[in-house]
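First comes the structure, then the notes that go with it.
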Amino acid sequence: MPESQRASRPPHPAPPGDLAPEEFARHAAALTAWIAEYLRTPERYPVLSRLSPGELCRSLPPHAPEAEESLEAILADIDRLIMPGVTHWNHPGFLAYFANTASVPGILGELLTAALNQVGILWRTSPALAELEETTTGWLRDAFGLPDDWFGMITDTASVSTLQALAAAREMDPSLEVRLRGMAGRADLPRLRIYCSEHAHSSVDKAAITLGIGAENVVRIAADDRYRMRVAALEEAVRADRAAGYRPLAVVATLGSTSTTSVDPIAEIATLCRRESLWLHADAAYGGAMLLLPEGRALLAGVEHADSLVVNAHKWLFTPMDCSVLWTRHPRVLKRTFALTPAYLETEEQDVALSLSDYSFQLGRRFRALKLWFVMRAFGVRGLAARVQHHCALATRFADWVREEAGWEVVAPVEMSVVCFRSVPARLAGDEGALAAHNGRILDRVNASGSVFLSHTKLGDRYVLRVAIGNIRTQESHLAEAWRLLRDAAAHPGV
């Protein structure tokens, strides 16, 4: 081509790519300043979002933008569009459910996780991910005083951790051949049974549904007056099921139930499980943090005899969502359950290096250990323990306020940092329906204040209110405000 023709051709457009690092630096500075202010004064927002269903969807365009938009415009819409639809789990008045607090070191770790964008398929796809996960789960295991040969890994939630534990329980007896042959249409495979307390989390049922065991085969065992599984009733259920031709498979012991933080008698359950050759999974998603305290280890004594254990670091260990830690004393069984290596994933180090996908039904995984590493280093084991102990002390104080007030009662033991209580005015004594309506109106009025967010549960036929303390920013002043609002609501005409 002649030089004159070459010179007349239009230049090639620049190839599309990412925004410039300078753009990131400028906008990240603005965003981190916004986050710092948010963490400094979260109480300027109502803790419970006041949006009505569908309101945010109606305020957004029905289609994605065809052309690029500026980061300035996007960041401006955080306050305009997103924040009205946020229920503030980082608010110190968030007392409704088990806390899920993003601490400063955890947020920094999450930022770096997004930037590095590691995908933990194999050891070689991210050696740092695999080995930091191995290290941090070991640190936490040791901080809890658990056996030093337990294998740990991180999943997203306790639901997935429990699912994987129960899948391993099913694989514990390889003669069942479930991995190879499945469960459907097999006359040689009896129906499998899983046992848990009537107060166990619904994730046990969901795991049974997902694994093909079936919700009908989750046997919920009656609890005692402290909301703990009755071991004698468990023993009788196992015996009756064997006689009926079922195959008892596993027991899930709850160490910190969702409603009351009750603790099943795990030492006794472990003895039964050993005798009956049942897998024992301990669900300590919230309550496991108590293992940082001497009194917590006494409360959860026997957990070391479990076959698997889940503790959510994103609950009471101040690590941003999602970070659920699963340990097992049977890593070979867990690997036998899930390991599958196609040709394109074979590597020369696969027999000596840890590939966490071998222990999970998920192939890829996020670098979740990074934020846990930040949190454990920034607070230290003593600092984490001090925060857990502080929350337990606050719960005890709140329960004392309730007990000392005429017309109010605490309705469950305060084992950890949750208080279950209710208003019981003399005029409604003995009428559970009227008491439920009365306490429901109190709850609605308190939550409408915007200062705090509480929840409720049912214990038998009793509707009760629930204060769950675990937010890293909650102090006595926030509980005092909640208690003032509760008393004012109970005294309000019409309530």
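Read the figures in this text as sums done on the coordinates, not as results from a lab. Predicted model, so just to flag it, every value in this text is computed and none were measured. In this analysis, Cβ positions are derived from the backbone assuming ideal geometry, glycine residues included, and neighbour counts consider all displayed protein chains.
Quick notes on this structure:
- Across every pair of non-identical alpha carbons in the chain, the mean reciprocal distance, once inverted, gives a Kirkwood radius of 25.3 Å.
- Straight-line cross-link reach from Lys371 at under 22 Å between alpha-carbon atoms covers these lysines, not counting any fewer than eight positions away in the same chain: Lys315.
- Distant-in-sequence amide contacts of Arg193, defined by a placed amide H-H separation under 5 Å and a gap of 5 or more residues or a different chain, comprise Arg247, Leu249, Ala250.
- Computed about the Cα centre, the dipole magnitude for segment 119-366 is approximately 600 debye when only Lys and Arg (+1) and Asp and Glu (-1) carry charge, each at its Cβ.
- Rounded Å value of the spacing that divides the Cα centres of segment 45-83 and segment 293-349: 37 Å
- Per-residue HN-Hα couplings for segment 349-361 [Karplus 6.51, -1.76, 1.60; θ = phi - 60°; Hz; x = Gly/Pro]: 9, 5, 8, 10, 9, 7, 10, 5, 5, 5, 10, 8, 6
- Contact order relative to length of the chain, as percent, for alpha carbon pairs under 8 angstrom and 6 or more apart: 21 percent
- Helical mean residue ellipticity (222 nm; -39500 (n - 2.57) per DSSP H run of 4+; nearest 500) of the chain: -13000 deg cm²/dmol
- Distance (nanometres) between label positions extended 7 Å along Cα→Cβ at Glu405 and Leu56: 3.2 nm
- Rg/Rh for segment 85-173, where both radii come from Cα atoms and Rh is the Kirkwood radius: 1.02
- In order along segment 319-325, the phi-based Karplus estimate (6.51 cos²θ - 1.76 cosθ + 1.60, θ = phi - 60°) of 3J(HN,Hα) comes to 9, x, 4, 10, 7, 10, 9 Hz; Gly and Pro are listed as x.
- Amide H contacts of Gln118 (H built 1.01 Å from N, in plane; Pro and chain starts excluded): Phe367 sit under 5 Å, all sequence-distant by 5 or more or on other chains.
- Stretchable slack from Ala14 to Leu112, in nm (0.36 nm times residue separation minus alpha-carbon distance): 32.4 nm
- For the chain, the antiparallel share of DSSP beta bridges with both residues in that region comes to about 55%.
- Protection proxy ranking of 295-301, 67-73, 148-154, by the mean of other Cβ atoms within 10 Å over each peptide's residues and highest first, is 148-154, 295-301, 67-73.
- Distance between modelled label sites at Ala128 and Gln350, nm, 7 Å Cα→Cβ extension: 2.6 nm
- Filtered trypsin sites (Lys or Arg not before Pro), segment 154-204: DSSP coil and at most 12 other beta carbons within 10 Å: Arg186
- Karplus-derived 3J(HN,Hα), 6.51/-1.76/1.60, for each residue of segment 181-193, Hz, glycine and proline x: 9, x, 10, 6, x, 9, 5, 7, 10, x, 5, 8, 10
- Within straight-line cross-link reach of Lys458, aspartates and glutamates at Cα separation under 20 Å, skipping those fewer than 8 residues along the same chain: Glu198, Asp205, Asp224, Asp225, Asp264, Glu409, Glu415, Asp431, Glu432, Asp444
- Restricting the calculation to Cα atoms, segment 119-366 yields a radius of gyration followed by a Dmax of 17.8, 57 Å.
- Added length on full extension, which subtracts the Cα-Cα distance from 0.36 nm per residue, Ala33 to Thr210: 59.4 nm
- Sorting the segments 432-443, 77-88, 53-64, 247-258 by their residues' average number of neighbouring beta-carbon atoms within 10 angstrom, most packed first, yields 247-258, 432-443, 77-88, 53-64.
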